[in-house]
1. Pulled fully out, how much extra length does the chain show between D36 and T98, if you take 0.36 nm times their separation in residues and subtract their Cα-Cα distance?
2. Along Cα→Cβ, 7 Å out, is where each label goes; now give me the distance between the ones at V57 and R8 in nm to one decimal.
Amino acid sequence: MRSHRIGRITTAGVITTFGDTTGGVAAPFGITPGPDGNLWFTSSNNNRIGQITTAGVITTFIDPAGGVDRPDGITAAPDGNLWFTSQNNGRLGRATTTGDITTFTDPAGQVSGPRGITAGPDAYLWFTSTFSDRIGRMEGGDPAPPPPSAPGPVPPAPGPAQPVTGTLRFTG
C-alpha cells in the first residue's frame with residue numbers, strides 16, 4: 001500500500017513522515033529546497049507541484065492549462081523559481097513560489113521523457129531527456145556555445161547568471 005507521504009530523517013536516524021488529507025500528494029517523486037525556505041516536490045500521479053514547510057504543512061498546485069503530465073525532477077533555479085520536468089508530455093515547467101505554473105515545449109521536438117533537472121554551476125538548467133538519450137541545457141539570455149558532445153568539462157558561461165528564457169541546447 002502506498003502512503004503518499006513526504007519524509008524527513010534527522011542525522012540521528014529519526015524518521016518523520018507528513019501526509020496530506022486532501023489527496024494533494026500522490027506518488028511524490030522529486031524534492032528540492034526552494035528559494036523561499038520551503039521544500040518543493042513533484043506529485044507524479046496527480047500532476048501537481050507541491051510545497052512543504054519545515055513544520056510539515058503541505059500545499060499543492062495544479063497547472064490550470066493542464067500542461068503537467070507526470071512531473072518527476074524539480075530544482076530551484078537562479079531566477080528564483082522552481083523548474084521541473086513533465087515526463088509524459090515532454091515538457092519543462094516553471095513554478096513560482098506563489099504556485100503559478102507554466103510549461104514549455106521544445107519546438108524542435110528533441111525533449112522526450114524528461115526526468116532529472118538541476119541548476120548547473122554555469123547558472124543554466126540541465127536536464128535529462130530519457131527517451132531521446134540526450135542531456136539538455138535550458139539557457140538564459142546570454143547566447144552560449146552548446147555543451148560538448150565528447151566527455152570533458154563544460155566551460156562556464158561568460159558573464160553573470162542570466163534569466164532562464166527557455167532556449168534549449170542538446171548533446172549528441
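Each value in this text was obtained by applying a stated rule to the coordinates, not by laboratory testing. Computed from a predicted model, the values in this text were never measured in an experiment. Don't worry about glycine lacking a Cβ; one is built from the backbone with ideal geometry, like all the others, and counts go over all protein chains shown.
1. Result for the pair: 21.4 nm of gain on full extension.
2. 1.3
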